[in-house]
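Worksheet: the structure to be examined is printed underneath.
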There are 2 protein chains.
Amino acid sequence: MKKILLLAVLALPVCACFAQEVKEDFQPSELNQPGQQYPMVNSQGYARFRIQAPQAQHVSVSLGLGGTHGGTDLTKGEDGWWTGTTSTPMDEGFHYYHVSIDGGTFNDPGTANFYGSTRWESGIEIPAKDRDFYALKNVPHGNVQQIYFHSESTKEERVAFVYTPPTYDKDLKATYPVLYLQHGWGENETTWPLQGHAGLIADNLIAEGKIKPCIIVMTYGMTNGVRFGGLGGFNFKDFETVLVDELVPYVDSHFRTKANKDNRAMAGLSMGGMETKNITLARPEVFGYYGLFSGGTYAPSDIKSKDQAKVIFMSCGSKENPDGVTKAAADLKAAGFNAYSFVSEGTAHEFLTWRRSLREFLPLIFK
Amino acid sequence: MKKILLLAVLALPVCACFAQEVKEDFQPSELNQPGQQYPMVNSQGYARFRIQAPQAQHVSVSLGLGGTHGGTDLTKGEDGWWTGTTSTPMDEGFHYYHVSIDGGTFNDPGTANFYGSTRWESGIEIPAKDRDFYALKNVPHGNVQQIYFHSESTKEERVAFVYTPPTYDKDLKATYPVLYLQHGWGENETTWPLQGHAGLIADNLIAEGKIKPCIIVMTYGMTNGVRFGGLGGFNFKDFETVLVDELVPYVDSHFRTKANKDNRAMAGLSMGGMETKNITLARPEVFGYYGLFSGGTYAPSDIKSKDQAKVIFMSCGSKENPDGVTKAAADLKAAGFNAYSFVSEGTAHEFLTWRRSLREFLPLIFK
């Protein structure tokens, strides 16, 4: 115990020396709970945390790499508040994290929660230079609505979120194409509407005239409880049944959709990309546009016929495996498919990569 | 410090003796995060908590009254998990709570968060005997959608949640009456859709033929930042402007409403009741039906003319001040008003009182 404390003390000068390079222009993260000052972010992307726990022995956050156990160790002040700054700048965009208090895992009381890693995690936003494309502006807004649909295969009422474009309630004769958009492992149906800003991205693209209005459907994809294990045992068939045989018919019967393959797309991030690949290939008659966001690639041999997919889109962050998606797109193009790749500059397997991927994917589909 | 630990130790036999009366039929709370066993609730309404914090000195939860500082003290086991059971049964329904770890305030990692007390709090549900009226069933479901509306008075894009009934997207010529439903102090626009189950309550009443389909609009009511203070400085006028001059016109222009006083109601819980009273009286031409849920009462002298309000509804829990609403309704009836009171049996100033109040209020309005 003494040794750990000693290490913490020895770590102080280190933090101090980093601190000298850190600009003291910290602002509260935009995801903070109302009235909360911390966590904060500075113009360089450093994150600073402040947690009250006067009698705690050890407090750290899972972001950063400078801590004795990874993450960032916080240091207790006279006032009983623990404070610490990441030892390096964070990538731009959204990051999940949690707080370790005396060996237990909790969320930062300063910020809102976002579902990831099969739990509601803390979230922090490092303002991205290009954040305008998902900003909330005074433009016509579509609505994101929660729907319940009955699922015979899972014997329950299941939830989905449906984005309808700004014009949806204006011209009641108009019908719309539909994108089915999936979250990643450990996330759920709230992920794309909240940390993904799917609705705001579509609102802004529509307002700029870059896309035609469409409907976006987001539901829970970890149907068979892979939730608490790895992906090894994941059976895509269970979700394929819920999505294609239950949700698609529900959406086509409850919303004004163009109910055909040429007006139906599927995309997903990470595990949602794996679902997209499996389901689009298993049901070639259902979806006409494919999007894998940090979610693998298609090979020419995967796809039965040239006209099976009108658009094949594959993306990832520059800190992932950009050559993989670039080469896959080149191979597909060489084989005569309408394929695209996108690499998100300066991002890893995180949400800014996927927000940008959606921004790039939407203008390519439903043409 | 030693003394506090000693107290904790002395408290053990006490907990133990209570434990003998407690039925060991605990089940996970229905609000728990996926896969989480704790917190648990038994058939008597006792709540049991289990939190991992191996090196913590003191862990307690804010529910219950048996703790050294109120709430419930948890006791550390060999495995580093802290466990404790409330010393008495809890009232049926939803309760907010939080966890104290070594003097800091955190949420229980086992359960989901709900916005209350101006922060995202932990929530636990003690199953109510009459819970069927807000249960998720295989009946036609309306949708709860998030909308953004531009507010000139606050110079921002504001959020509201709008419940549209199951038939809304079927008969595109139909128009609907609208209830504006407000949360309480420290809560926000997510409160009625989530812990209030407003949409499910309406779905079930519609399915049973007890009410005609209506739209329910829920927005944030603490417009002028009373959020972090008491109610003393709360200026109802700011919210009156947002609600009546900005949101009502937005809803009437974006949804198929019956846009007149005879088809527009306002109700609210606690502080939302105070808002309802102030705004309905200040704008008698806007709302035709008034509902105060644990939110005060109207006196005959408050109301200008007999035909100002078609229905006046006042409610509270039997553990609040039931005589107040009963007498107020009697006085209003004696004065010739169409007034109703409702007392929620066995509940206090909490959400089961307000779920039941909504169930009682909806069938009385829009006739």
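The values are calculated or read from the model by the stated rules, or taken from the named source; none is laboratory data. Bear in mind that the values here come from a model prediction, so they are computed numbers and not experimental data. Cβ: placed from backbone, ideal geometry, glycine included. Neighbour counts: every protein chain shown. Please note that ligands, DNA and RNA were not included when accessible areas were found on the heavy atoms of the full protein model with its side chains. Shrake-Rupley method; radii C 1.70, N 1.55, O 1.52, S 1.80 Å.
Numbers below:
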item: Selection status of residue A:238, open to solvent by 40 Å² or more (accessible area, probe 1.4 Å) and within 14 Å of chain B (Cβ to nearest Cβ); result: no
item: Residues of the range B:189-220 classified as open to solvent by 20 Å² or more (accessible area, probe 1.4 Å) and free of Cβ contacts under 8 Å to residues at least 60 places away in the same chain, total; result: 4
item: Residues satisfying the stated conditions in the range A:299-324, i.e. free of Cβ contacts under 8 Å to residues at least 40 places away in the same chain and of a type in the set (Ser, Thr, Tyr); result: A:301, A:305, A:318
item: Cβ-Cβ under 8 Å pairs, at least 6 apart or on other chains, the range B:72-90 side more than 17 Å from residue B:62 (Cα to Cα), far side of a type in the set (Ser, Thr, Tyr) and surrounded by fewer than 23 Cβ atoms within 10 Å (Cβ to Cβ); result: B:77/B:83
item: Among (1) touching a Gly at 6+ places or on another chain (Cβ under 6 Å); (2) more than 30 Å from residue B:135 (Cβ to Cβ); (3) at pLDDT 95 or above, the one test that residue B:306 misses; result: (3)
item: Residues of the range A:122-143 satisfying the condition of being part of a loop (DSSP other than H, G, I, E, B), more than 22 Å from residue A:46 (Cβ to Cβ) and either among the basic types (Lys, Arg) or more than 7 Å from every other protein chain (Cβ to nearest Cβ) (or both); result: A:135, A:137, A:139, A:140, A:142
item: Failed item, numbered, when residue B:87 is tested on (1) more than 24 Å from the chain's Cα centre (by Cα); (2) among the small types (Gly, Ala, Ser); (3) part of a strand (DSSP E or B); result: (3)
item: Test for residue B:284: is it part of a loop (DSSP other than H, G, I, E, B) and either open to solvent by 50 Å² or more (accessible area, probe 1.4 Å) or out of contact with any Gly (no Cβ under 6 Å at 6 or more places or on another chain) (or both); result: yes
item: Residues (within 30 Å of residue B:63 (Cβ to Cβ), in contact with a strand residue (DSSP E or B) (Cβ under 7 Å, 6 or more places away or on another chain) and open to solvent by 50 Å² or more (accessible area, probe 1.4 Å)) located in the range B:128-143; result: B:136
item: Unique match (being modelled with pLDDT of 95 or more and not polar (S, T, N, Q)) among A:227, A:256; result: A:256
item: Check on residue A:203, over 16 Å from residue A:366 (Cβ atoms) and more than 22 Å from the chain's Cα centre (by Cα); result: no
item: Single residue of the range B:57-73 satisfying the filter (in a loop (DSSP other than H, G, I, E, B) and of a type in the set (A, V, I, L, M, F, W, C)) that is surrounded by the fewest Cβ atoms within 10 Å (Cβ to Cβ); result: B:65
item: Single residue of the range A:144-175 satisfying the filter (assigned to a strand (DSSP E or B) and among the β-branched types (Val, Ile, Thr)) that is surrounded by the most Cβ atoms within 10 Å (Cβ to Cβ); result: A:162
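Residues are listed down the side, and each one gets a yes or a no for (1) crowded, with 23+ Cβ neighbours inside 10 Å; (2) among the aromatic types (Phe, Trp, Tyr); (3) more than 14 Å from chain B (Cβ to nearest Cβ):
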{"site": "A:43", "(1), (2), (3)": "no, no, yes"}
{"site": "A:55", "(1), (2), (3)": "no, no, no"}
{"site": "A:77", "(1), (2), (3)": "no, no, no"}
{"site": "A:90", "(1), (2), (3)": "no, no, yes"}
{"site": "A:100", "(1), (2), (3)": "no, no, no"}
{"site": "A:117", "(1), (2), (3)": "no, no, no"}
{"site": "A:120", "(1), (2), (3)": "yes, yes, no"}
